[in-house]
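Single-structure report; data block below.
The values are calculated or read from the model by the stated rules, or taken from the named source; none is laboratory data. All values derive from a computational prediction rather than experimental measurement. Cβ atoms come from the backbone with ideal geometry, glycine included; neighbour counts cover every protein chain shown.
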Amino acid sequence: MCAAPGAACGSGPSVGRFAPSPSGRMHAGNIYTALVCWLSQRSAGGSVVLRIEDLDERTRSGPWVDLLLDDLRWLGLTWDIGPLCQRDRLDRYAAALERLDRMGLVYPCFCTRAELHSVSAPHGPSDMPIYPGTCRFMSKADIARASAIRSPARRLKVPDAGDPAGRIDIRDRVYGSRTEVLARDCGDFVVQRSDGVIAYQLAVCVDDAEMGVTEVVRGRDLLGSVAPQRYLQNLLGFKRVSYAHVPLLVAPGGRRLSKRDRDLNMGELRARFASPERLLGWLAHLTGLAPDATPVSAERLAETFSWSLVRAHRRDIEVSAADLG
Ligand code: GLU
């Protein structure tokens, strides 16, 4: 089902990507992200990469990838390259990790999740406390002793607070500009988990660079990942990509829609709306991409798409099954 890992990558001026994790059936929020990614490229003559983010074992069983492809095709959200699967690219991530290691920037970390959460520090990009650097200065002997008991995660050192290399200027197409300081806002972050799986931040950077991606569109819950990803791009000499985060669709009261909770998932939406045009009309109206809910194709929406429409509706959008009519 996955295209060959070395498959040719986008040659057009602009390349976007939709990068779902197949942990359940897509919900309305995932579809909104896919739609904006697709509209941005289609309206600018660019191409779209479909990347399946299946590094985690738990995402590899179940019917989710097949359903995801079927749902995207049904909606008319076609892709030009892919599906490329992360599990086919492990050697690429290992090579990048090796390069970082040779720069002397990677160190083993033996802290458990519970230990990390017991440290009262502000929270970083993945909702984990900002790492206080506990394992940064372990001696070789201590590392050997600790390794005999537990296999470590591996973390990347970020520059000290005063070092200009650790100041990351971020310009987001929807949420605007700001500067983050890695030591303050992110901390040393995990590049390989203790079970050996490459961490999201590193895999995504390698993939975006090697797949020729120029524009990342994703949910605003990942805004905090821009700084670590920019830092990795700088270290690895990758081209910068532009970022556009889009608001989340949330249940009444603000709870994020979840694939695992089967919130407004594509099974339910397809049954309710019966045609892709009716579903897209509803979604486009809900998110401000269209003035009303008239049935509309993705192609037709591309004719009127503009980023200012997304910017004008950048608060999270509440939605419930009752709104489906
Ligand atoms: N795989 C992530 C998700 O499904 C998206 C990661 C990204 O777009 O950088 O939420």
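Structure data summary
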quantity: Filtered residues of segment 160-183 (kept if in a helix (DSSP H, G or I) and without any contact (Cβ under 8 Å) to a residue 40 or more places away in the chain); calculated: P164, A183
quantity: Residue, nearest to S47 (Cα to Cα), within segment 204-223, restricted to residues that are surrounded by fewer than 20 Cβ atoms within 10 Å (Cβ to Cβ) and near the ligand (Cβ under 8 Å from one of its atoms); calculated: G219
quantity: Count of residues meeting criterion [among the acidic types (D, E), at pLDDT below 95 and part of a loop (DSSP other than H, G, I, E, B)] in segment 15-61; calculated: 1
quantity: Within segment 97-123, tally of residues that are in a helix (DSSP H, G or I) and either hydrophobic (A, V, I, L, M, F, W, C) or at pLDDT below 95 (or both); calculated: 8
quantity: Failed criterion for A94 (all others in (1) within 16 Å of the ligand (Cβ to nearest atom); (2) part of a helix (DSSP H, G or I) hold); calculated: (1)
quantity: P295 vs. criteria outside any helix (DSSP H, G or I), closer than 24 Å to Y175 by Cα and touching a helix residue (DSSP H, G or I) at 6+ places or on another chain (Cβ under 9 Å); calculated: no
quantity: Neighbours by Cβ (under 7 Å, 6+ apart or cross-chain): first from segment 233-257, within 24 Å of V319 (Cβ to Cβ); second assigned to a loop (DSSP other than H, G, I, E, B) and of a type in the set (V, I, T); calculated: A244/V174; H245/V174; V246/V174; L249/V319
quantity: Selection within segment 10-49 - within 12 Å of the ligand (Cβ to nearest atom) and polar (S, T, N, Q); calculated: S21, S23, N30, T33
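Condition check ((1) under 20 Å from Q192 (Cβ atoms); (2) crowded, with 17+ Cβ neighbours inside 10 Å) across all residues:
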| site | (1), (2) |
| --- | --- |
| G133 | yes, no |
| A141 | no, no |
| R145 | no, no |
| A148 | yes, no |
| A153 | yes, yes |
| P164 | no, no |
| I168 | no, yes |
| R173 | no, yes |
| T179 | no, no |
